1. Tell me whether region 131-153 contains one or more residues that are open to solvent by 50 Å² or more (accessible area, probe 1.4 Å), free of Cβ contacts under 8 Å to residues at least 24 places away in the same chain and hydroxyl-bearing (Ser, Thr, Tyr).
2. Within region 70-87, how many residues are free of Cβ contacts under 8 Å to residues at least 60 places away in the same chain and surrounded by fewer than 18 Cβ atoms within 10 Å (Cβ to Cβ)?
3. Tell me which residues, restricted to region 154-189, are assigned to a strand (DSSP E or B) and either surrounded by 13 or more Cβ atoms within 10 Å (Cβ to Cβ) or free of Cβ contacts under 8 Å to residues at least 12 places away in the same chain (or both).
4. Can you tell me how many residues within region 133-179 are at pLDDT 90 or above and of a type in the set (Phe, Trp, Tyr)?
Amino acid sequence: CGNCPSGYFLYHRQGHSDLQHPAVPTTKGAPAGPQPPSSLDPKKIRRLEKVFSPQPRLANYSLGSMIPIHVPSRDGEDLLCYLSVPPPPHEPNTGSSVRSSIPIPSTPHPMVVLVHGGPQARDTWMYSPVCQFLSTRGIMVLQVNYRGSTGRGSRFMKLGMDGNFATTLQRDIADATRFAITKGWADEKRVAIMGG
């Protein structure tokens, strides 16, 4: 998708001394993220380089972007969610898998809340055919890693196993949906839910 992994990457390390520096992905323009102290010396920078795409035909299409967002639940728990937004209208596809900025539309859009199964599973930042099908048709997609989801440590997973699993799961999904509505991203009269 416009701003999520869509290929296989090769990790470059050009010497023993650069183990102390964080990895810096290469994109158009300046590298993203924190810069190592030796950012002016290309021999000291570790980088990721896209080797190939498993779906090269997607380069011909303008795809939506998947944005990681953190949503506070009603009791203050941090919920990692992913919001897939439609591509900007009339945006030419440059073949790049990363946009320099990801605009969240300023007007409310219809939204589908896509619930992962499991419950001990999780949504991740990746190319999703379902998210692309919906976002390229002007529909936002919200994926919620509710309490009990994997990938956030045993504490977070156990929060969903306290005997109230269905209650906390439903509240987390409702809180994330309400968050998107109050931010003005989603039209509250056009929200649907699917998955599970």
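1. No: zero hits.
2. So the count comes out to 4.
3. ALA186, ASP187, LYS189
4. Of the residues in that region, 2 qualify.
The values are calculated or read from the model by the stated rules, or taken from the named source; none is laboratory data. Please read these numbers as outputs of a predicted model, since none were measured by experiment. Every residue, glycine among them, receives a Cβ derived from its backbone with ideal geometry; neighbour counts consider all protein chains shown. Just the protein is used for accessible areas: all its heavy atoms, side chains included, with ligands, DNA and RNA removed. Shrake-Rupley method; radii C 1.70, N 1.55, O 1.52, S 1.80 Å.
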